[in-house]
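Novice: Let me give you the structure first, and then I'll get to my questions.
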Amino acid sequence: DMWGFISFPGGYCTGFCGSDAECGPGGGCDVGQCFLRCTSDAECRTSGGYTCHALPFIGPDTYCLPGG
């Protein structure tokens, strides 16, 4: 769970960061953690319930995240 309200079914590889460069290719740093950037659901693990959307209450950048 992240912040007690985001659960990551099947797991989600991430790490702490201070910039996008620390997240590797395709990754983005937001709220101090790396996430997989995306522009459409097709880039995400939709079979696991992941879709391309912004972090709740955070901002406009979109990542592969559970729910939607």
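Novice: So for the chain, considering every pair of alpha-carbon atoms, how many percent are separated by more than 14 Å? Could you put the intermediate results ahead of the total?
Specialist: On the way: 1262 of 2278 pairs.
The answer is 55 percent, as a whole percent.
Novice: Moving to a separate point now. Any idea of the accessible area per residue across region 26-68, 1.4 Å probe, to the nearest Å²?
Specialist: Numbers: 2140 Å² over 43 residues.
With all protein chains present, region 26-68 gives 50 Å² per residue.
Novice: If you put +1 on each Lys and Arg Cβ and -1 on each Asp and Glu Cβ, how big is the dipole of the chain around its Cα centre, in Debye rounded to 20?
Specialist: Values: 2 positive and 7 negative charges, 26 e Å.
That gives the chain a dipole magnitude of about 120 debye.
Novice: Can I ask one more? List the residues, sorted by chain then number, that are 5 or more residues from GLY27 or on another chain and whose placed amide H is less than 5 Å from its amide H.
Specialist: ARG37
Novice: Share of the chain's accessible area from carbon and sulfur, percent, 1.4 Å?
Specialist: Summing carbon and sulfur atoms, their accessible area is 57 percent of the total for the chain.
The values are calculated or read from the model by the stated rules, or taken from the named source; none is laboratory data. Every value quoted in this text rests on a predicted model; they were computed, and no experiment measured them. With ideal geometry, Cβ positions are generated from the backbone for all residues, glycine too; neighbour counts draw on all protein chains shown. Side chains included, ligands, DNA and RNA excluded: accessible areas come from the protein's heavy atoms. Shrake-Rupley method; radii C 1.70, N 1.55, O 1.52, S 1.80 Å.
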